[in-house]
Amino acid sequence: MKITNIETYPVWGGGRNFLFVVVDTDEGIYGVGEAGLTGRELAVIGAIEHFKPLLIGENPFRTEYIWQKLFRGGFFPAQRILTSAIAAIDIALWDIKGKALGVPIYELLGGLARDKVVCYPHNRGDSHDVQPLIDSCHETMEEGWKFVRFGLPTQGEILEPRQAVLTAIKQLQAVREAVGDDIEITFDIHTRLDLPDALWLCQEVEAVRPFFIEDPLRSENPDSFKTLRNRTTVPLAAGEQFSSKWEFRQLIEEEWIDYARIDLCIAGGITEAQKITGWCETHYIKLATHNPLGPVSSAACLQLNLAAALVGVQEQPRKTGTVLTDVVPVQPVWEDGYLLPPDLPGLGVEFDRDAARAHPMQLTELPHLRRRDGSVTNW
């Protein structure tokens, strides 16, 4: 079997873009992948165009060789743009493997380690109002979700740390009271705070018993986590902005996090995520796969989580089968807060190229935040 073509499908999904990649073979079996790095799709498409001549004629079963070739072959080690391109290609190659062998990908990763994977949704909670957040949490509870998730509140385009932390403390306390002890709470700081404010928030909400506090600090200098880790008891999750095992290295080795937020669509796909996963197991760090994307990303995360030894939860912004149902008409099954193992080979999804072409991408920019004095801060 040989790779014959690679096509990119940037798709407008209503409110945001999704970037899918299809790898074709001379045996008529195709694989589909999805790239991360939302808002920079054109850069990733450009990387894939560079990779295409290197891939035509290759055996798609050689996933490790192809990964190494793409990551190291351009002299400069790949980072986010290139690893997002590699990720989409790698996921598609694993899809081809499973289809060719007639088994789901999780069978190729060691078989089922669990019967289903628990997920958390995205609740409405970015403003300073408490009641809409409480209403959203009640809605998802009634649907069957076992988790609620919301993030550090903003005031339109303004994020003033002290006010945001004060409001977040009140919201977390109110949500715990509203949902009771049986529903887990994940809270996303989204790299928006510096160390003093992140520490203040973590210490103040220890009594709320969050499942984890996500991305409490910026990702550029992981060394800052050593100060935070030793001064709070709340579980910490990080890693969604990392593009390889090397960026995870220090957080794992020093045990500064409790949950690894691997983004399969940024961190090099299934091939690289599997290596990070094994490394996490040696330090008793559970997976909390980062999945803010589309149904192909959901399927890839599910395949990894079904076979992994230690899994905490999978991010799942919405139920599967509710977006891009014409582009991806077959998606993983969501039931009572869990994703179930697919029986179909490969990823367990189908991809409609004509439907994808009918929703061309729209050039959009992610939101931007600033402090009250006009300075830039993280979104």
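For segment 309-336, which residues satisfy the criterion of being among the hydrophobic types (A, V, I, L, M, F, W, C) and in a loop (DSSP other than H, G, I, E, B)? Walk me through how you get there before you give the answer.
Here is the first cut: in segment 309-336, the residues among the hydrophobic types (A, V, I, L, M, F, W, C) are 309-311, 313, 323-324, 327-328, 330, 333-334.
Of everything in segment 309-336, those that are among the hydrophobic types (A, V, I, L, M, F, W, C) and in a loop (DSSP other than H, G, I, E, B) turn out to be Ala309, Leu310, Val313, Val323, Leu324, Val327, Val328, Val333.
Mind checking whether some residue in segment 202-213 is crowded, with 24+ Cβ neighbours inside 10 Å and in contact with a Cys (Cβ under 7 Å, 6 or more places away or on another chain)?
Yes, some residue in segment 202-213 is crowded, with 24+ Cβ neighbours inside 10 Å and in contact with a Cys (Cβ under 7 Å, 6 or more places away or on another chain).
Does Leu306 satisfy being within 16 Å of the chain's Cα centre (by Cα), of a type in the set (A, V, I, L, M) and either in a helix (DSSP H, G or I) or surrounded by 15 or more Cβ atoms within 10 Å (Cβ to Cβ) (or both)?
Here the answer is yes, as Leu306 does meet what is asked.
Hey, can you tell me all the residues within segment 1-16 that are part of a strand (DSSP E or B) and either surrounded by fewer than 19 Cβ atoms within 10 Å (Cβ to Cβ) or basic (Lys, Arg) (or both)?
Across segment 1-16, the qualifying residues are Thr4, Asn5, Glu7, Trp12.
Based on this model, can you work out whether Ala43 counts as surrounded by 21 or more Cβ atoms within 10 Å (Cβ to Cβ) and either modelled with pLDDT of 95 or more or within 20 Å of Ala300 (Cβ to Cβ) (or both)?
Against the criterion (surrounded by 21 or more Cβ atoms within 10 Å (Cβ to Cβ) and either modelled with pLDDT of 95 or more or within 20 Å of Ala300 (Cβ to Cβ) (or both)), Ala43 does not qualify.
Can you confirm whether segment 328-337 contains a residue that is at pLDDT 95 or above, out of contact with any strand residue (DSSP E or B) (no Cβ under 8 Å at 6 or more places or on another chain), more than 24 Å from Gly14 (Cα to Cα) and not assigned by TED's automatic domain parsing to the domain that holds Arg40? Steps first, answer last, please.
From segment 328-337, those at pLDDT 95 or above are 328-337; that's our starting set.
Checking the rest, the ones that are also out of contact with any strand residue (DSSP E or B) (no Cβ under 8 Å at 6 or more places or on another chain) come to 331, 335-336.
Among the residues that remain, those that are also more than 24 Å from Gly14 (Cα to Cα) are: 335-336.
Right, trim to not assigned by TED's automatic domain parsing to the domain that holds Arg40 and you get 335-336.
Yes, because at least one residue in segment 328-337 is at pLDDT 95 or above, out of contact with any strand residue (DSSP E or B) (no Cβ under 8 Å at 6 or more places or on another chain), more than 24 Å from Gly14 (Cα to Cα) and not assigned by TED's automatic domain parsing to the domain that holds Arg40.
Please verify whether Thr83 is under 20 Å from the mean Cα position of the chain (by Cα) and β-branched (Val, Ile, Thr), treating the condition exactly as stated. Reasoning before the result, please.
Details: under 20 Å from the mean Cα position of the chain (by Cα): yes; β-branched (Val, Ile, Thr): yes.
Answer is yes for this residue.
Going through Gly156, Gly111 one at a time, which residue ends up being at positive phi and at pLDDT 95 or above?
Details: Gly156 fails: at pLDDT 95 or above.
That would be Gly111, the only listed residue that is at positive phi and at pLDDT 95 or above.
Of everything in segment 277-303 that's part of a loop (DSSP other than H, G, I, E, B) and among the β-branched types (Val, Ile, Thr), which residue is nearest to the chain's Cα centre (by Cα)?
Selected residue: Thr289.
The values are calculated or read from the model by the stated rules, or taken from the named source; none is laboratory data. All values reported here derive from a predicted model rather than from experimental measurement. When we count neighbours, we look across all protein chains shown, and the Cβ atoms used for this are built from the backbone with ideal geometry, even at glycine.
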